[in-house]
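The values are calculated or read from the model by the stated rules, or taken from the named source; none is laboratory data. All values derive from a computational prediction rather than experimental measurement. Ligands, DNA and RNA are stripped out before the accessible areas are found, and what is left, the full protein with its side chains, is counted by its heavy atoms. Shrake-Rupley method; radii C 1.70, N 1.55, O 1.52, S 1.80 Å.
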Amino acid sequence: ALRSFTPTAILAVSILLSHIILAQWGRMYNDDFDSYHDLEHLPGKLLMLWRILLGFGMLGCCVSTRMRCPASLQLFYLQLAIVGTLWFLSLPVLTWIVNTIVPYYLRHRTVGVWGAVLQTSGIVLLSWLVTSHSTPYHKFSHLSATQDNLTDSLASSSGGSDEPRTWMFGKAKVRLD
């Protein structure tokens, strides 16, 4: 069954499995069910390292896509790269700062509160990028009623025909309708 998975599916499954393994491994250090991830032990540090790697992976993907996209979407991909990478890096940087500066007895609460604030802010900004009527993405996507939309651009740039429109990634195809 794994042979039929695409590289993206394998990456998604590996992210999910690694998170489950690290979370359960972390329970060996602290089994308080209501506890926020304890990020001071090895599983927590590996989780933060994994998040940093994913953040730089997102940055690389955004830069690569930005170089191949229409000029009207380049600002959107720049904003997505910045906000998305900051979202991925916010929790590791926060835990590093808290572990360096904040007294031990205040760390859990500080990471919990500020982690929630940073993560929520990041998600709100990412949501705004794809739903706001003033962003380049909205002007180019199906959310707007323009003739030159994102689906047509992706289908035409990858050699897709008019009926049905597809976006091709090597052997894999994504139907855009």
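Can you compute 3J(HN,Hα) from phi for each residue in the stretch 66-73, using the Karplus curve 6.51 cos²θ - 1.76 cosθ + 1.60 with θ = phi - 60°, rounded to whole Hz and x for Gly and Pro?
Calculated HN-Hα couplings, in order: 4, 6, 9, 8, x, 4, 5, 9 Hz.
Within the accessible area of the stretch 37-98, what % is carbon and sulfur when the probe is 1.4 Å and the other protein chains stay in place?
On the way: 2510 of 3270 Å².
The C+S portion of the solvent-accessible surface of the stretch 37-98 is 77 percent.
How much accessible area does Tyr77 have with a 1.4 Å probe, in Å² rounded to the nearest 10?
50
Residue separation times 0.36 nm, minus the C-alpha to C-alpha distance between Glu40 and Trp25: what's the value? Present the calculation step by step, with values, prior to reporting the outcome.
Values: separation 15, 0.36 × 15 = 5.40 nm, distance 1.29 nm.
Result for the pair: 4.1 nm of gain on full extension.
Provide Ser134, Ser127 ordered by accessible surface of protein heavy atoms (probe 1.4 Å), highest first.
Working: Ser134 75, Ser127 55 Å².
Reading off the accessible areas and sorting them downward yields Ser134, Ser127.
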